[in-house]
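So that we are looking at the same thing, I have put the structure below in structure tokens.
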Amino acid sequence: MRKISFFEAYIDRPDTINVYMSELHYQGISTFFYLMDNQDETTMVDIVNTSVGVDHYHYYQCRMSKPLAFGRTYRLCDSHGRSTPLRYGLVIKSDDFNQRFTTDRTLGASVNGGTTTFTVWSPVSSSVSLFLFDPKGERSVYLMNANTDGTFSLVLHQNCDGLRYYYVAHNNGKMRQFLDPYGIAQTPNSRYSVVVDVNKLKTNKVVVPPLTHPNQAVIYEANIRDLTPQHTFKALCHEYRSTLEYIKSLGVTHLQIMPIFDYGSVDETNVKAIYNWGYDVQSWFTLEGSYSSNVYEPTQVMQDFIEFVNTCHSIGLKVVVDVVYNHVFELKDSCYYQCCPYYFFQIDEMENVSNSSMCGNDVDTTMPMVRRTILDSVRQLFGLYDIDGLRMDLMGIMDIDCVNEIAMVARRYKSDALIYGEGWNMPSFLPEEKRACIANAAKMPQVGFFSDVARDAIKGNLYGSNFEPGFACGNGQAMYKCMNALQASVTDFGFHKVFVNSAQPINYVECHDNMTVYDQYTRFMNEKDERVLKRCLLSLAFVIFAQGVPFIHSGQEFGRTKKGIDNSYDKGDEINHFDYGLRDERMWMVDYVRNMVSLRHKYSHFHLDVDDKLGTKIFFEHVNNQILMYEIDADDSTMIIFFNPTYHTFHYHFQNSVTRIFAEDGSLDEVSGLTDVEVSPISCSVYLVNSK
């Protein structure tokens, strides 16, 4: 943000300096300006435009006879003999800047045998120094070499594996100490970056057969911390391995884990003091130390995560990582800010920072080196850790081209990589037509989006204390929108077309955000607990049997509660933990969900790969907007699903005999030769019409 000091100067184009002088500083008047660099050379600049704002700042637009040399330190002096640092302003967003300083040079600390190379991108810095600490804590300081591509590098003829370090750069009039933006390991609570010889890590990757189509996936979301008292990757590989096996037993194909990159709120040496989901990200390369079995050994969390992924793969469970590439924890403390102020973030002409994330900043993914950094982070997740997909937080803040490139890079590693995210249309500084939001889904056909159409049609809308029920709550007005969601929202039937293929919608009614379905229905439906639980299962039946990709929040399968809290990101382990006792009490619900998922896998009717022909494969009937019959043709047979969200029993007569393959109580016991069926209140049942 500008105009916070009496006298400020910014280079906004290669040949233009903008100056702001408060009337508290010599009435805001200067008759001339000149530049002085760090070698005491002076250069006059021409004032080409002046104006006075209502905020009592005088504005001067100045031109230089030749562009400034990047990498030098300049001060702008006025006619009173006062000076101010010349800051790199909007010039860092210019095509000229990006053409000069976009590089493919390897960044970070790289170990190759007996040599270690340190490289950092910091094009506006006049100098960068490496502060390196030996095992005894003795410090060595090295002035790094400036390269023409905006990087600073240093080669040391020693294997620095395990040594701590940070950088100190001089830019925009300040000395800035920061960790390596590409650092892959850190000491507890982000005090130092740590050099890692990745060749010493034990990987031993386990191969899981790829899916033939994304809509064969079933996603289960969980937080590592919530699943075990130890809060670690390793605990899930050993003491709580049965938890992973339980998740797999539901028929889940993908475990989506909430953020695992280093975040700022939790004390890694005292984990139980503060709880946080981890969306306050500080690094796109270093893993969160609180998930480590030994936080004081910086590479342990890396080894633990590798083991975790391998353990999941060994039981046939793929791993999706929730990544936060749209904002950082603290803007000006971030290494991505310190290495090149404001470059990584969306700003306007006055350096106000876009804040649609409500976290103080929005990342600018249109900048080439921002995009490159994100793509390198993706490469590390797939290449080193062998993950299987990405869930992108607030993806609508990112730009379309960047998200498409992420999908392309991921699928170079794994052809069936799942790439999806929150496609909400966030009001950032990025133009709407460039946002990776649902409205632009047609421009990202290989990317999935959480479907608010499905969520709102099935469960309903919750705005503050106002709840507008969905069809699963008996609201017949939402029935046609529900039909649209059951067809993956790829047709105009029931609602407008939203997606271009059935792999795009991630169908859900519950995730880590907002109230759980159980809490929401308990609060607003005024029903006995038995009916609430049945309605929870009915809501999940829509999700599992719809075309698209089903998404289940951990504990949703047994009516998880967070005591009515609608945003539990920092509400502690008591509210957020996975309640194994409640699961065991409601195992009948778990079995119900497990049977629905097995049915989805068994029959291709529930994951049709005929996007342009869905309208010819799916049909609907209804009774007075109260009960919905969902009919799917596939493999020379017809599947008929009844959804009854009412308190009434309905009877239906089939012209030909059918086989019931899923009963209202969730059982898979097949009953053949039926023509007259009874559809119970608050229930779902599935019938298979005899082969044609």
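The values are calculated or read from the model by the stated rules, or taken from the named source; none is laboratory data. Just so we're clear, the structure is a prediction, and the values are computed from it rather than from any experiment. Ideal geometry is used to build each Cβ from the backbone, glycine not excepted, and the neighbour counts take in all protein chains shown.
Here is a yes/no grid of residues against (1) more than 17 Å from the chain's Cα centre (by Cα); (2) hydrophobic (A, V, I, L, M, F, W, C); (3) buried (at least 20 other Cβ atoms within 10 Å of the Cβ); (4) over 21 Å from Y279 (Cα atoms):
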{"residue": "Y342", "(1), (2), (3), (4)": "yes, no, yes, no"}
{"residue": "N352", "(1), (2), (3), (4)": "yes, no, no, yes"}
{"residue": "M367", "(1), (2), (3), (4)": "yes, yes, yes, yes"}
{"residue": "R379", "(1), (2), (3), (4)": "no, no, no, no"}
{"residue": "D386", "(1), (2), (3), (4)": "yes, no, yes, yes"}
{"residue": "R391", "(1), (2), (3), (4)": "no, no, yes, no"}
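If you check P427, P368, which single one turns out to be modelled with pLDDT of 95 or more and over 27 Å from G150 (Cα atoms)? Even if it seems obvious, please write down each step before you answer.
Details: P368 fails: over 27 Å from G150 (Cα atoms).
Among P427, P368, only P427 is modelled with pLDDT of 95 or more and over 27 Å from G150 (Cα atoms).
Scan the stretch 459-486 for residues that are assigned to a loop (DSSP other than H, G, I, E, B), buried (at least 24 other Cβ atoms within 10 Å of the Cβ) and either more than 26 Å from the chain's Cα centre (by Cα) or β-branched (V, I, T) (or both) and report the count.
At the first step, the residues of the stretch 459-486 found to be assigned to a loop (DSSP other than H, G, I, E, B) are 459, 464-465, 470, 474-475.
Still in the list and also buried (at least 24 other Cβ atoms within 10 Å of the Cβ): 459, 470.
Next, from what is left, pick out any that are either more than 26 Å from the chain's Cα centre (by Cα) or β-branched (V, I, T) (or both): 470.
The total comes to 1.
A further question follows. Only residues that are more than 14 Å from I640 (Cα to Cα) and touching a His at 6+ places or on another chain (Cβ under 9 Å): list them for the stretch 656-692, please.
Hit for the stretch 656-692 is P681, nothing else.
Sticking with this structure for a sec: As an exercise: evaluate Y580 against (1) surrounded by fewer than 18 Cβ atoms within 10 Å (Cβ to Cβ); (2) touching a residue at least 24 places away in the same chain (Cβ under 8 Å); (3) under 30 Å from T561 (Cβ atoms); (4) under 35 Å from the mean Cα position of the chain (by Cα) and give the number of the one condition it does not meet.
(2)
Can you find a residue that is closer than 25 Å to L375 by Cβ, at pLDDT 95 or above, assigned to a strand (DSSP E or B) and not basic (K, R) anywhere in the stretch 195-213?
no
So V517 passes all but one of these: (1) in contact (Cβ under 8 Å) with a residue 24 or more places away in the chain; (2) within 25 Å of I640 (Cα to Cα). Which condition number does it fail?
(2)
Further, regarding this structure: Among the residues of the stretch 515-534, is there at least one that is touching a Pro at 6+ places or on another chain (Cβ under 9 Å), under 24 Å from V623 (Cβ atoms) and either of a type in the set (A, V, I, L, M) or in the same structural domain as S683 (by TED's automatic domain parsing) (or both)?
Yes - at least one qualifying residue is present in the stretch 515-534.
Does S683 count as buried (at least 18 other Cβ atoms within 10 Å of the Cβ) and touching a residue at least 40 places away in the same chain (Cβ under 8 Å)?
Values: buried (at least 18 other Cβ atoms within 10 Å of the Cβ): yes; touching a residue at least 40 places away in the same chain (Cβ under 8 Å): yes.
Yes, satisfied.
Please go through the stretch 214-236 and give me each residue that is over 18 Å from the mean Cα position of the chain (by Cα), part of a helix (DSSP H, G or I), over 24 Å from V597 (Cα atoms) and touching a residue at least 60 places away in the same chain (Cβ under 8 Å), ordered by number.
Those that are over 18 Å from the mean Cα position of the chain (by Cα), part of a helix (DSSP H, G or I), over 24 Å from V597 (Cα atoms) and touching a residue at least 60 places away in the same chain (Cβ under 8 Å): F233, K234.
Related question: Tell me yes or no: at least one residue of the stretch 240-253 is among the basic types (K, R) and either in a loop (DSSP other than H, G, I, E, B) or buried (at least 18 other Cβ atoms within 10 Å of the Cβ) (or both). Write out each step before concluding.
Narrowing the stretch 240-253 to residues among the basic types (K, R): 241, 248.
If we keep only those that are either in a loop (DSSP other than H, G, I, E, B) or buried (at least 18 other Cβ atoms within 10 Å of the Cβ) (or both) too, we end up with none.
Within the stretch 240-253, not a single residue is among the basic types (K, R) and either in a loop (DSSP other than H, G, I, E, B) or buried (at least 18 other Cβ atoms within 10 Å of the Cβ) (or both).
Do we find a residue being modelled with pLDDT of 95 or more and under 21 Å from L608 (Cβ atoms) anywhere in the stretch 508-528?
Within the stretch 508-528 (the criterion being modelled with pLDDT of 95 or more and under 21 Å from L608 (Cβ atoms)), the answer is yes, since at least one residue qualifies.
Yes/no matrix, rows are residues, columns are (1) aliphatic (A, V, I, L, M); (2) assigned to a loop (DSSP other than H, G, I, E, B):
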| site | (1), (2) |
| --- | --- |
| F118 | no, no |
| V124 | yes, yes |
| F131 | no, no |
| P135 | no, yes |
| L154 | yes, no |
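Return the total of residues in the stretch 169-179 being over 17 Å from D134 (Cα atoms) and in a loop (DSSP other than H, G, I, E, B). Talk me through it step by step, then tell me what you get.
The initial filter retains those residues of the stretch 169-179 that are over 17 Å from D134 (Cα atoms), namely 169-178.
Filter again for in a loop (DSSP other than H, G, I, E, B), leaving 172-173.
Qualifying residue count, the stretch 169-179: 2.
Taking the stretch 206-224, which residues are more than 17 Å from I419 (Cα to Cα) and polar (S, T, N, Q)?
Hit for the stretch 206-224 is N223, nothing else.
Spot the failing condition for V52; the list is (1) at pLDDT 90 or above; (2) crowded, with 18+ Cβ neighbours inside 10 Å, and only one is missed.
(2)
Moving on. Restricting to the stretch 513-527, and then to whatever is outside any helix (DSSP H, G or I) and not polar (S, T, N, Q), can you tell me which residue is surrounded by the fewest Cβ atoms within 10 Å (Cβ to Cβ)?
Here is the first cut: in the stretch 513-527, the residues outside any helix (DSSP H, G or I) are 513-516, 525-527.
Of the ones still in play, those that are also not polar (S, T, N, Q) are 513, 515, 525, 527.
Working: D513: 13, M515: 22, M525: 16, E527: 16.
Result: D513.
Name the residues in the stretch 567-576 that are closer than 26 Å to L250 by Cα, of a type in the set (D, E) and in contact (Cβ under 8 Å) with a residue 12 or more places away in the chain, would you?
D573
Anything in the stretch 1-33 that is aromatic (F, W, Y), farther than 24 Å from F97 by Cβ, in contact (Cβ under 8 Å) with a residue 24 or more places away in the chain and surrounded by 14 or more Cβ atoms within 10 Å (Cβ to Cβ)? List them, or say none. First the steps, then the outcome.
The initial filter retains those residues of the stretch 1-33 that are aromatic (F, W, Y), namely 6-7, 10, 20, 26, 32-33.
Narrowing the set further to residues that are farther than 24 Å from F97 by Cβ leaves 6-7, 26, 32.
Still in the list and also in contact (Cβ under 8 Å) with a residue 24 or more places away in the chain: 7, 26, 32.
Residues satisfying the conditions are F7, Y26.
Only one of K481, K528 is without any contact (Cβ under 8 Å) to a residue 12 or more places away in the chain and of a type in the set (K, R); which? Please lay out each step first, then the result.
On the way: K481 fails: without any contact (Cβ under 8 Å) to a residue 12 or more places away in the chain.
Only one candidate qualifies: K528.
Continuing with this model, one more query. Filter the stretch 413-437 for residues that are in contact (Cβ under 8 Å) with a residue 60 or more places away in the chain and within 15 Å of the chain's Cα centre (by Cα) and give the result. Show your work before the answer.
If we filter the stretch 413-437 for residues that are in contact (Cβ under 8 Å) with a residue 60 or more places away in the chain, which is where we start, we get 414-416, 418, 420, 426-430, 434.
Scanning the stretch 413-437 gives L418, Y420, M426.
Could you figure out which of (1) closer than 27 Å to E221 by Cα; (2) touching a residue at least 24 places away in the same chain (Cβ under 8 Å) isn't true of K602?
The number of the failed condition is (2).
Name the one entry in Y166, Y182 that is under 23 Å from L384 (Cβ atoms), assigned to a loop (DSSP other than H, G, I, E, B) and hydroxyl-bearing (S, T, Y). Write out each step before concluding.
Numbers: Y166 fails: assigned to a loop (DSSP other than H, G, I, E, B).
The conditions single out Y182.
Restricting to the stretch 595-616, what's the tally of residues that are within 24 Å of G470 (Cβ to Cβ) and crowded, with 16+ Cβ neighbours inside 10 Å?
The initial filter retains those residues of the stretch 595-616 that are within 24 Å of G470 (Cβ to Cβ), namely 595-597, 599-600, 605-608, 614-615.
Filter again for crowded, with 16+ Cβ neighbours inside 10 Å, leaving 595-597, 599-600, 605-608, 614.
Selection size over the stretch 595-616: 10.
What do you reckon, is I257 surrounded by fewer than 23 Cβ atoms within 10 Å (Cβ to Cβ) and in contact (Cβ under 8 Å) with a residue 40 or more places away in the chain? Steps first, answer last, please.
Numbers: surrounded by fewer than 23 Cβ atoms within 10 Å (Cβ to Cβ): no; in contact (Cβ under 8 Å) with a residue 40 or more places away in the chain: yes.
Considered against the rule, which asks whether it is surrounded by fewer than 23 Cβ atoms within 10 Å (Cβ to Cβ) and in contact (Cβ under 8 Å) with a residue 40 or more places away in the chain, I257 comes out as no.
Which is buried (at least 19 other Cβ atoms within 10 Å of the Cβ) and at positive phi, of G564, G555? If you could, list the steps in order and put the result at the bottom.
On the way: G564 fails: buried (at least 19 other Cβ atoms within 10 Å of the Cβ).
G555 is the lone residue from the list that is buried (at least 19 other Cβ atoms within 10 Å of the Cβ) and at positive phi.
Specify which of the listed residues (Q186, Q177, Q99, Q158) is touching a Ser or Thr at 6+ places or on another chain (Cβ under 8 Å) and either under 30 Å from A9 (Cβ atoms) or buried (at least 17 other Cβ atoms within 10 Å of the Cβ) (or both). Break it down stepwise before answering.
Numbers: Q177 fails: touching a Ser or Thr at 6+ places or on another chain (Cβ under 8 Å); Q99 fails: touching a Ser or Thr at 6+ places or on another chain (Cβ under 8 Å); Q158 fails: either under 30 Å from A9 (Cβ atoms) or buried (at least 17 other Cβ atoms within 10 Å of the Cβ) (or both).
Answer to the selection: Q186.
Sticking with this one: So which helices (runs of 4 or more DSSP H) stay within the stretch 283-393 end to end and still have 1 or more residues that are aromatic (F, W, Y) and farther than 30 Å from E239 by Cβ?
The qualifying helices (runs of 4 or more DSSP H) are 335-338.
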